[in-house]
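Beneath this line is the structure, given in structure tokens, with notes to follow.
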Amino acid sequence: MAETKTDVASALLEQHVKHELASLKGTRLRKFLGQEVAELFQRAETVPMNRFVSVDQIMGVIQRTVVDMELDGGIPELAGEMAAEVMNAPVQSDTRLKDILSREQATAFLEQGLEMRAQRERLIAEIMAHPVYQELVANVVYHGLVNYLYEDNLIAKNVPGVGSMMKFSRKMANRAVPGLDETFERRIKTWLSESLPGLIARSEQFLQKALSDEEVHDTIMSAWVELENSTIAEFQEGMGNVQLQEFVVLGYDFWLGFRKTPYFRGCCQAVVEHLFTKYGDAPVSDLLADVGVTEDLVMGEVNALLVPAVDVLREEGYLEAMLRRRLEPFYRSAAVKKILQ
């Protein structure tokens, strides 16, 4: 009697496996998936996002998979190889800048940037206040003044022999009074150091007025017209695969440190909390609609990716083995034996 029950249970298991395999193929599989996707979208219209997931759960995922997960050293190597392949691809020589960003789009970006007047004024002020710029101005003024005094002033140019006489007088004065050049240079530099703040302030005022929206717009667009017909490969000239891979490694090292900073966590926290403030109590369908995820879109990807993947898994024998692992414990259970008595 026990053997008969086992035989019946085994026969039921075999038929159940065959039934499931047949339903996970071709038209039946597509119909099944379509019904389930439709059902999920229908549920999404009534179930709020807070029932599925919370802020803490999302932040936990970010912490585990983005911040804490150890990344293998092969990742930057692979990224560098991929970047090199992209840089050396024929499309780089066949694509011009205007094919990626049209003149109308560039103009729109520029006009939007020109609206950030306060940021532009602050940038100019910070550049003017930088010690390197101040040293540059001092050197330019100093050498210009010295050259003008000894060589390029109007008297030396228009009165024959005056330029040579001034140079000769300078040499003779240096012989008669050693260190005269050093004294002259020191006095000029002292004057420059005292006058530099005023020079910088006036130059900043000049730039703030000169760099009007119209001037900046015309200058940048003129440069764009010169560049838009250049190929992407021309912009990459001088950068080899080695340098590119080094940049990839530097970027990877930066990411490893940046992802652990309080700043990164604070940005993630702000984004996730805002997402739940806006959509947490609303049906999931609201979020899906706002990001453009529709039932047709999902089914398109299911048919393009999932159905072929299931076909491969069936051919490899995985589906049947998975179904047996799933169903066999049930058909071997005491509950089924009791039913078959």
ask   = Which ones in region 9-44 are polar (S, T, N, Q) and open to solvent by 50 Å² or more (accessible area, probe 1.4 Å)?
value = 15, 27, 35, 42
note = Subset of region 73-85, residues part of a helix (DSSP H, G or I) and either acidic (Asp, Glu) or loosely packed, with under 11 Cβ neighbours inside 10 Å (or both), comes to 74, 77, 81, 85
query = residue 238 passes all but one of (1) within 30 Å of residue 76 (Cβ to Cβ); (2) open to solvent by less than 60 Å² (accessible area, probe 1.4 Å); (3) among the small types (Gly, Ala, Ser); which number fails?
reply = (2)
query = When both residues are 6+ apart or on different chains and their Cβ atoms are under 8 Å apart, which pairs have a first residue that lies in region 252-267 and is at pLDDT 95 or above, and a second that is of a type in the set (Phe, Trp, Tyr) and open to solvent by 100 Å² or more (accessible area, probe 1.4 Å)?
reply = none
inquiry  = Going through 231, 219 one at a time, which residue ends up being of a type in the set (Val, Ile, Thr), out of contact with any Cys (no Cβ under 9 Å at 6 or more places or on another chain) and open to solvent by 40 Å² or more (accessible area, probe 1.4 Å)?
reply    = 219
Restricting region 186-196 to residues that are surrounded by 11 or more Cβ atoms within 10 Å (Cβ to Cβ) and without any contact (Cβ under 8 Å) to a residue 24 or more places away in the chain, the residue that is farthest from residue 124 (Cα to Cα) = 186
Residues of region 268-291 classified as open to solvent by 70 Å² or more (accessible area, probe 1.4 Å) and within 14 Å of residue 59 (Cβ to Cβ), total = 3
inquiry  = Being open to solvent by 50 Å² or more (accessible area, probe 1.4 Å), among the β-branched types (Val, Ile, Thr) and over 30 Å from residue 259 (Cα atoms) is the requirement here; does residue 65 meet it?
reply    = no
ask   = So, of the residues in region 45-62 that are open to solvent by less than 90 Å² (accessible area, probe 1.4 Å) and without any contact (Cβ under 8 Å) to a residue 12 or more places away in the chain, which turns out to be nearest to the chain's Cα centre (by Cα)?
value = 61
message = When you check residue 70 against the structure, is it over 30 Å from residue 193 (Cα atoms), within 22 Å of the chain's Cα centre (by Cα) and not in a helix (DSSP H, G or I), yes or no?
response = yes
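Residues are listed down the side, and each one gets a yes or a no for (1) modelled with pLDDT of 95 or more; (2) of a type in the set (Lys, Arg); (3) over 17 Å from residue 15 (Cβ atoms); (4) open to solvent by 60 Å² or more (accessible area, probe 1.4 Å):
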site	(1), (2), (3), (4)
318	yes, no, yes, yes
323	yes, no, no, no
331	no, no, no, no
341	no, no, yes, yes
key: Residue under evaluation residue 105, criteria (1) loosely packed, with under 12 Cβ neighbours inside 10 Å; (2) without any contact (Cβ under 8 Å) to a residue 60 or more places away in the chain; (3) over 23 Å from the mean Cα position of the chain (by Cα), criterion not met   = (3)
task = Scan region 212-246 residue by residue and report those that are free of Cβ contacts under 8 Å to residues at least 12 places away in the same chain, of a type in the set (A, V, I, L, M, F, W, C) and within 25 Å of residue 90 (Cβ to Cβ).
result = 242
ask   = Cβ-Cβ below 9 Å, separation at least six or inter-chain, first residue in region 319-337 and within 16 Å of residue 23 (Cα to Cα), second of a type in the set (Val, Ile, Thr) and in a helix (DSSP H, G or I): which pairs?
value = 319/310; 320/17; 323/17; 324/17; 327/17
message = Return the residues of region 86-102 that are in a loop (DSSP other than H, G, I, E, B) and open to solvent by 40 Å² or more (accessible area, probe 1.4 Å); say none if nothing qualifies.
response = 90, 101
remark   = Wholly inside region 182-299, helices (runs of 4 or more DSSP H) that include 2 or more residues that are among the polar types (S, T, N, Q) are 213-227, 241-258, 262-279
request  = Could you list, in sequence order, all residues of region 114-124 that are loosely packed, with under 14 Cβ neighbours inside 10 Å and part of a helix (DSSP H, G or I)?
outcome  = 117, 118, 119, 122, 123
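The values are calculated or read from the model by the stated rules, or taken from the named source; none is laboratory data. From a predicted model like this one, the values you see are computed outputs, not experimental measurements. So basically every Cβ, Gly included, is an ideal-geometry build from the backbone, and we count neighbours across all protein chains shown. Calculation scope for accessible area: heavy atoms of the full protein, side chains included, ligands and nucleic acids excluded. Shrake-Rupley method; radii C 1.70, N 1.55, O 1.52, S 1.80 Å.
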